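K.L.:
This is the structure, below, for whatever I ask next.
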Amino acid sequence: MAELAPNKAPETAIRGARFLLWLEAWKSFKKNKLAVVGLIIVLIFVFLAVFAPVITPEGINEQKLAERLQPPSSEHWLGTDDFGRDILSRIIHGARISLWVGFVSVIGSIVVGCFLGILAGYYGRWVDTLISRFFDIMLAFPSMLLAIAIVAVLGPSLRNALIAIAIINVPNFGRLIRSKVLSIKQEEYITAAKAIGMRDRRILFHHILPNSMAPIIVQGTLAIATAIIEAAALGFLGLGAEPPTPEWGKMLADSKDYLVQAPWTMFFPGIAIMLTVLGFNLMGDGLRDALDPRMKN
Amino acid sequence: MNKKTILLSLVFVFILGFALVGCSTTTEEAPPPEEKAGETNEPEETKDTEEEQNKESDADPVDNTLVFGRGADSVGLDPATITDGESIKVTLNIYDTLVKYADLDTSIEPSLATSWESSDDGLTYTFKLREGVKFHDGTDFNAEAVVYNFERWANGDKSSFYYYSSMFGGFKGDEGHVIQEVKAIDELTVEFTLSRPQAPFLQNVAMPVFGIASPTALEKYGESFTENPVGTGPFVFQEWKRNDKIVLVKNDNYFMDGYPKLDSVIFVSIPDNATRLNELIAGEIDVADGVSPNDGSRIEGESDLQLFTRPSMNVGYLGLTNTRPPFDNKLVRQALNHAVDKEGIIAAFYAGQAEPAKNPLPPVIAGYNDDIEPYPYDLEKAKELLAEAGYPDGFEMELWAMPVPRPYMPDGQKVAEVLQNSFAQIGVEAKIVSFEWATYLEKARNGEADAFLLGWTGDNGDADNFIYVLLDKDNIGSNNYSYYSNDELHDILIAAQSNPDQEARVELYKQAQEIIHDDAPWIPLVHSTPILGGKNNVADFFAHPTGSQALTKVYFE
């Protein structure tokens, strides 16, 4: 009802109410221990990524062929790879790349997915049919295969891998927001907004979109985890980062020949991928519990 | 206004839709090459089960089948039309040549010809042929068959009989064509008349690509002969499943008494080095070709496996396309030669199983110039030369790395990364680029690369087969990928080719290497010693320096 009020004062009240809602969500998130663990893991990796150049003991490409494949020691905490490069330094720099790919690709898919999803959900009819079938077509391809195909067309590089990952996640967000829009547009306050002659654009971006944000945030967090794995997979297949970029998946691929001889070269990048993905998944689960009203008692 | 926005957004959706549908149609075309990479395990699994079935069915009598695991499938089985080592490995066992190489080096031994003599001027060669030899299809082997084969090649063109043209100077009617006439004197005598003396003539004739094929089969199969090979060799072709396996069975009428000892040979393709080694350890294959140097110690550690080393007769190099700036500048090429830590590369990615190269020619070949002083690894000197050449701040370049393991370079990507790192230290920024193998070769042959990793395994043990084939201006567009052209060198190489006096030839080749060293068309990197793994009970397996070996004498202990 407050949406109808024309003056400014109640709008700040709404903001306050929204803030309270988020506070509520945070409180329930805090209670979930696993989610907090996830958050901490994610924060640690974000910290590593941000301060990578400051905290790494060595650069990413300081080859010392004489010191290759050394096991973990006090000098090289996680050992050295087949070029004698410090694995710890490379993993920390790798965090930058993986998180960057994760965040940017997911934000990209959210923007495009939301736009298409809102159009489909709000206008319905043939717009809906067109966009939804288009999503169906994209979902008919195994997502990894589609990503590989896109990279093959664009040419292998980290940026193109990022674009491919963003594209393959578009239909997921699009469908999610479409279903959300379908239910929200039946709400009375939308009818009311239409009744006072509000423009479609304002209804869409000021009323419908903010109200469908919660599932997007949850899905987005979980999608970051998937995106990191997909980036690593593309890197592993040689379709992502170019040498000497310390991308985790590429580090795995580079050291797979040394699995028996120097297992740490594969072990640590693998652990790094696993930990970040686990962190984002736990955090995403926690967020879902906190933000989804149906889960609340 | 309202409708306008809807329309606009629809247009946007359409455009996006079409763009992406564009992507999705390409998915139908694009995946095959990727699938190969991604699915390497799958065909193997099916093959495994098949093999197991085969083994089960064959196991009960004496299992006398050798399973040979290698990195790639053959391209074709008509030896005259192929150039890849994986094809030769198979055809060598189906066909015989007039003369052949010894088990472990490239000295000449009788094969289909029992004896031969040449005239003093080196212009006629007369071969006495072996009596009573029959092709696998029952056709008699005789002088007419030899003439038929050589006529077939001489009347071909560059796109079909590639090796023939590079070894014998072209085809009938070409100015440089060496074999003027091949004549059947009687049933078992053939006479070759040459237009100019060719010192390595016997070495060339012994190359497995000049295997004598059955004339009746050639006429019967025509184009599809490459899939239905018929020769006189120790094994008879039975079956070929593309990208999976080739099955050969014993030729009971082989002319060498008591050979071959094996009942059958199965060549299986297992592209991944690590997988192939694991199959060997698991006992699925008997011999594994192309073992990664780093895995040598692993084979030695397994009590039921043995390590074979192939005598080194190859060179791995970084070719600098001499026509592309800045590599058209000799100083730049020399500078890059100073910026490579060959010892480091060998220690790291060849497990020490290689020698640093300073010449295009490997040291085992007569004519190797050991007096050449290699460009030392000296980054300061490299920077000076770059500055002198007018590039004090370096430049940007593409560095092509081969996508597949080769005997002369087990891991091109890693070598490229080391080079990239050293070049960066003299200000040269290299971007590592790779393509699918066939594309890689084609593009490099067309001179599209700035610098490319590549190598060569000698075919016949002659210096001509390295220097002339790889660096003479005649071979630009075929095997001279670096587009290096030097007239002085050309004259020396042609003189060396036509001079029957071995000592004079050695001197000429030494001279040639001095010119090449100074012009620095490549960065010669290594002469590697390729290793193979085999089960302990495999006996008399001779890893031949040319990279392919006849399995005639192999038996299980």
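The values are calculated or read from the model by the stated rules, or taken from the named source; none is laboratory data. The structure displayed is predicted, hence computed values, not measured ones. Glycine gets a Cβ as well: all are built from the backbone with ideal geometry, and neighbour counts include every protein chain shown. The area values use the complete protein model at the heavy-atom level, side chains included, leaving out ligands, DNA and RNA. Shrake-Rupley method; radii C 1.70, N 1.55, O 1.52, S 1.80 Å.
K.L.:
Among the residues of segment B:411-436, write down those that are in a loop (DSSP other than H, G, I, E, B) and at the interface with chain A (Cβ under 9 Å from one of its Cβ atoms). Outline the logic, then answer.
P.N.:
The first filter runs over segment B:411-436 and keeps only residues in a loop (DSSP other than H, G, I, E, B), leaving B:411, B:426-428, B:434-436.
Matches in segment B:411-436: B:ASP411, B:SER434.
K.L.:
Can I ask one more? Is it the case that B:LYS241 is among the basic types (Lys, Arg) and buried (at least 17 other Cβ atoms within 10 Å of the Cβ)?
P.N.:
Details: among the basic types (Lys, Arg): yes; buried (at least 17 other Cβ atoms within 10 Å of the Cβ): no.
For B:LYS241, the condition - among the basic types (Lys, Arg) and buried (at least 17 other Cβ atoms within 10 Å of the Cβ) - is not met.
K.L.:
Which residue out of B:ASP462, B:ASP472 is open to solvent by less than 30 Å² (accessible area, probe 1.4 Å) and touching a residue at least 60 places away in the same chain (Cβ under 8 Å)?
P.N.:
Values: B:ASP472 fails: touching a residue at least 60 places away in the same chain (Cβ under 8 Å).
The unique qualifying residue is B:ASP462.
K.L.:
Which one of these is away from chain B (no Cβ under 14 Å) and among the polar types (S, T, N, Q): A:THR276, A:THR245? Break it down into steps so the answer makes sense when it comes.
P.N.:
Numbers: A:THR245 fails: away from chain B (no Cβ under 14 Å).
From the options A:THR276, A:THR245, the qualifying one is A:THR276.
K.L.:
Let me ask something else. What is the one condition in (1) assigned to a helix (DSSP H, G or I); (2) over 24 Å from B:VAL190 (Cβ atoms) that B:VAL67 does not satisfy?
P.N.:
Unmet for B:VAL67, out of (1) assigned to a helix (DSSP H, G or I); (2) over 24 Å from B:VAL190 (Cβ atoms): (1).
K.L.:
Kindly indicate whether any position in segment B:359-371 is in contact with an Asp or Glu (Cβ under 6 Å, 6 or more places away or on another chain) and either under 18 Å from B:LEU525 (Cα atoms) or among the aliphatic types (A, V, I, L, M) (or both).
P.N.:
If we filter segment B:359-371 for residues that are in contact with an Asp or Glu (Cβ under 6 Å, 6 or more places away or on another chain), which is where we start, we get none.
No, there is no match, as no residue in segment B:359-371 is in contact with an Asp or Glu (Cβ under 6 Å, 6 or more places away or on another chain) and either under 18 Å from B:LEU525 (Cα atoms) or among the aliphatic types (A, V, I, L, M) (or both).
K.L.:
Taking B:VAL404 as the residue in question, decide whether it is surrounded by fewer than 23 Cβ atoms within 10 Å (Cβ to Cβ) and assigned to a helix (DSSP H, G or I).
P.N.:
no
K.L.:
Continuing with the same structure: Show the residue pairs that are 6+ apart or on different chains and have beta-carbon atoms under 7 Å apart, the first residue being within segment B:336-356 and away from chain A (no Cβ under 14 Å), the second being among the basic types (Lys, Arg).
P.N.:
Note: pairs meeting the criteria are B:HIS338/B:LYS381.
K.L.:
When A:ILE97 is evaluated against the numbered criteria (1) surrounded by fewer than 24 Cβ atoms within 10 Å (Cβ to Cβ); (2) part of a helix (DSSP H, G or I); (3) more than 11 Å from chain B (Cβ to nearest Cβ), which criterion, by number, is the only one it fails?
P.N.:
So the condition that A:ILE97 fails would be (1).
K.L.:
Then there's this: Going by the conditions given, is B:LYS100 in contact with a strand residue (DSSP E or B) (Cβ under 9 Å, 6 or more places away or on another chain), buried (at least 19 other Cβ atoms within 10 Å of the Cβ) and not in a loop (DSSP other than H, G, I, E, B)?
P.N.:
Values: in contact with a strand residue (DSSP E or B) (Cβ under 9 Å, 6 or more places away or on another chain): yes; buried (at least 19 other Cβ atoms within 10 Å of the Cβ): yes; not in a loop (DSSP other than H, G, I, E, B): yes.
Yes: the conditions hold for B:LYS100.
K.L.:
Further question on the same structure: A:ALA147: within 14 Å of the chain's Cα centre (by Cα) and buried (at least 22 other Cβ atoms within 10 Å of the Cβ), yes or no?
P.N.:
Values: within 14 Å of the chain's Cα centre (by Cα): no; buried (at least 22 other Cβ atoms within 10 Å of the Cβ): yes.
Answer is no for this residue.
K.L.:
All but one of (1) buried (at least 20 other Cβ atoms within 10 Å of the Cβ); (2) within 28 Å of B:GLY477 (Cβ to Cβ) hold for B:LEU331, so report the exception by its number.
P.N.:
(1) is the only condition that B:LEU331 fails.
K.L.:
Determine which member of the set B:PRO293, B:PRO229 is of a type outside the set (Val, Ile, Thr) and either open to solvent by 40 Å² or more (accessible area, probe 1.4 Å) or away from chain A (no Cβ under 14 Å) (or both). Steps first, please.
P.N.:
Details: B:PRO293 fails: either open to solvent by 40 Å² or more (accessible area, probe 1.4 Å) or away from chain A (no Cβ under 14 Å) (or both).
Going through B:PRO293, B:PRO229 in turn, just one is of a type outside the set (Val, Ile, Thr) and either open to solvent by 40 Å² or more (accessible area, probe 1.4 Å) or away from chain A (no Cβ under 14 Å) (or both): B:PRO229.
K.L.:
How many residues does segment A:250-261 contain that are crowded, with 21+ Cβ neighbours inside 10 Å and farther than 19 Å from A:ALA227 by Cα? Before you say what the answer is, go through the steps one by one.
P.N.:
Within segment A:250-261, the first condition is being crowded, with 21+ Cβ neighbours inside 10 Å, and the residues that meet it are A:250-252, A:254-255, A:257.
Adding the requirement that they be farther than 19 Å from A:ALA227 by Cα leaves A:254-255, A:257.
Here the count works out to 3.
K.L.:
Follow-up. Whether any residue in segment A:189-207 is away from chain B (no Cβ under 14 Å), farther than 24 Å from A:ALA52 by Cβ, in contact (Cβ under 8 Å) with a residue 12 or more places away in the chain and assigned to a loop (DSSP other than H, G, I, E, B) is what I want to check. Walk me through how you get there before you give the answer.
P.N.:
Within segment A:189-207, the subset away from chain B (no Cβ under 14 Å) is A:189-193, A:195-196, A:206-207.
Add one more test, that the residue is farther than 24 Å from A:ALA52 by Cβ, and what stays is A:189-193, A:195-196, A:206-207.
Narrowing the set further to residues that are in contact (Cβ under 8 Å) with a residue 12 or more places away in the chain leaves A:189-190, A:192-193, A:196, A:207.
Next, only the ones that are assigned to a loop (DSSP other than H, G, I, E, B) stay: A:196.
Yes, there is a match, as at least one residue in segment A:189-207 is away from chain B (no Cβ under 14 Å), farther than 24 Å from A:ALA52 by Cβ, in contact (Cβ under 8 Å) with a residue 12 or more places away in the chain and assigned to a loop (DSSP other than H, G, I, E, B).
K.L.:
Looking only at segment A:105-136, count every residue that is away from every other protein chain (no Cβ under 13 Å) and open to solvent by 50 Å² or more (accessible area, probe 1.4 Å) and tell me the total.
P.N.:
Matching residues across segment A:105-136 total 1.
K.L.:
Taking the condition of being more than 21 Å from B:PRO545 (Cα to Cα), within 24 Å of the chain's Cα centre (by Cα) and open to solvent by less than 30 Å² (accessible area, probe 1.4 Å), how many residues in segment B:475-489 meet it?
P.N.:
Narrowing segment B:475-489 to residues more than 21 Å from B:PRO545 (Cα to Cα): B:475-478, B:480-489.
Adding the requirement that they be within 24 Å of the chain's Cα centre (by Cα) leaves B:475-478, B:480-485.
Still in the list and also open to solvent by less than 30 Å² (accessible area, probe 1.4 Å): B:475, B:478, B:480-482, B:484.
Of the residues in that region, 6 qualify.
K.L.:
Does any residue of segment B:442-458 turn out to be assigned to a helix (DSSP H, G or I), open to solvent by less than 10 Å² (accessible area, probe 1.4 Å) and not small (Gly, Ala, Ser)? Break it down stepwise before answering.
P.N.:
Quick first cut of segment B:442-458, residues assigned to a helix (DSSP H, G or I) only: B:442-445.
Among the residues that remain, those that are also open to solvent by less than 10 Å² (accessible area, probe 1.4 Å) are: B:444.
The next check asks that each one be not small (Gly, Ala, Ser); those that pass are none.
Within segment B:442-458, not a single residue is assigned to a helix (DSSP H, G or I), open to solvent by less than 10 Å² (accessible area, probe 1.4 Å) and not small (Gly, Ala, Ser).
K.L.:
Next up: Mind listing whichever residues of segment B:515-546 are part of a strand (DSSP E or B) and over 20 Å from the mean Cα position of the chain (by Cα)?
P.N.:
From segment B:515-546, those part of a strand (DSSP E or B) are B:522-528, B:531-535, B:538-539; that's our starting set.
B:GLY534, B:LYS535, B:VAL538, B:ALA539, listed by residue number.
K.L.:
To continue, here is another question. With B:ALA143, B:ALA184 as the choices, which residue is touching a Ser or Thr at 6+ places or on another chain (Cβ under 9 Å), buried (at least 17 other Cβ atoms within 10 Å of the Cβ) and at pLDDT 85 or above? Steps first, please.
P.N.:
Working: B:ALA184 fails: touching a Ser or Thr at 6+ places or on another chain (Cβ under 9 Å).
So the residue among B:ALA143, B:ALA184 that is touching a Ser or Thr at 6+ places or on another chain (Cβ under 9 Å), buried (at least 17 other Cβ atoms within 10 Å of the Cβ) and at pLDDT 85 or above is B:ALA143.
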